[in-house]
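Presented below is the structure to which this report refers.
The values are calculated or read from the model by the stated rules, or taken from the named source; none is laboratory data. Bear in mind that the values here come from a model prediction, so they are computed numbers and not experimental data. We place every Cβ from the backbone using ideal geometry, glycine too, and count neighbours over all the protein chains shown.
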């Protein structure tokens, strides 16, 4: 478990490139045959990747020492989206097959959770976000067709994209976690521009479907104190509530977003006018 402290906005202004990357970038999400976890004190989100190989993987009891509980999900909920081969997730004996670009919501209180690849030659790659939860909701698989798609932007502004809302009110009941996936169309490079912050929620962006020689310039910082982080394929950026979160790529890409905080109102955003950016 990699632990990240919360960073004050005034502290972030003083960080150089390596400091920004150390505090906000998660460089390695997937390792074959392992579960990776990064714990951020910003709203206590946990971000990670699960890549089962020849044998299933499981959340072991040792994870409870990081959360002060008997088991990892005793007081937490979890959402995952599969970007690899077909997966089999078993939650206290209940089996869920999760295909590529499908999601699974796991409610608070799950005890025994295992993850397997249905075909070891095409391993599952399960990107997940987990948040503290004060209520329990039913486990639920969500297909791409069920994920409330919304297409925004246009080619003129290089931001034509489709947002798939997997874990949002009206699709899946959850305590506080909100999660989805945005896919840019070929020729479109910008996401979330014009940009925004949301004082009531933090957010994590996980970028994937990128070529080896492609990068995304992920914009962050206060709107009048902007910074950027270079992000490569299958890396994630932690965004505090005071920071904008936007990016422009050298090629089209896909990203998964997850939010944790006070509410689940998707359009609750503090929009930033283009002329106010610095």
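Do you know which of the residues in the range 222-237 that are part of a strand (DSSP E or B) and over 23 Å from residue 188 (Cα atoms) is nearest to the chain's Cα centre (by Cα)? Out of the qualifying residues, it is 222. As for the range 6-13, it holds no residue that is surrounded by fewer than 17 Cβ atoms within 10 Å (Cβ to Cβ), in a strand (DSSP E or B) and at negative phi. Scanning the range 192-212 for residues that are part of a strand (DSSP E or B) and either within 17 Å of residue 125 (Cβ to Cβ) or within 15 Å of the chain's Cα centre (by Cα) (or both) yields 201, 202, 203, 204, 205, 206, 207, 208. Out of 166, 137, one residue alone is in contact with a strand residue (DSSP E or B) (Cβ under 9 Å, 6 or more places away or on another chain) and assigned to a strand (DSSP E or B). It is 166.
Go through the range 180-191 residue by residue and tally those that are over 14 Å from residue 239 (Cβ atoms) and either under 15 Å from the mean Cα position of the chain (by Cα) or part of a strand (DSSP E or B) (or both).
Of all residues in the range 180-191, those over 14 Å from residue 239 (Cβ atoms) come to 180-190.
With the extra rule that they be either under 15 Å from the mean Cα position of the chain (by Cα) or part of a strand (DSSP E or B) (or both), the set shrinks to 180-184, 190.
Looking only at that region, the number is 6.
Exactly one residue out of 35, 29, 50 is assigned to a loop (DSSP other than H, G, I, E, B) and crowded, with 17+ Cβ neighbours inside 10 Å: that is 29.
Every residue, every condition in (1) over 18 Å from the mean Cα position of the chain (by Cα); (2) at pLDDT 95 or above; (3) surrounded by 15 or more Cβ atoms within 10 Å (Cβ to Cβ); (4) in a strand (DSSP E or B), yes or no:
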| site | (1), (2), (3), (4) |
| --- | --- |
| 54 | yes, no, no, no |
| 85 | yes, yes, yes, no |
| 89 | yes, yes, yes, yes |
| 95 | yes, yes, no, yes |
| 109 | yes, yes, yes, no |
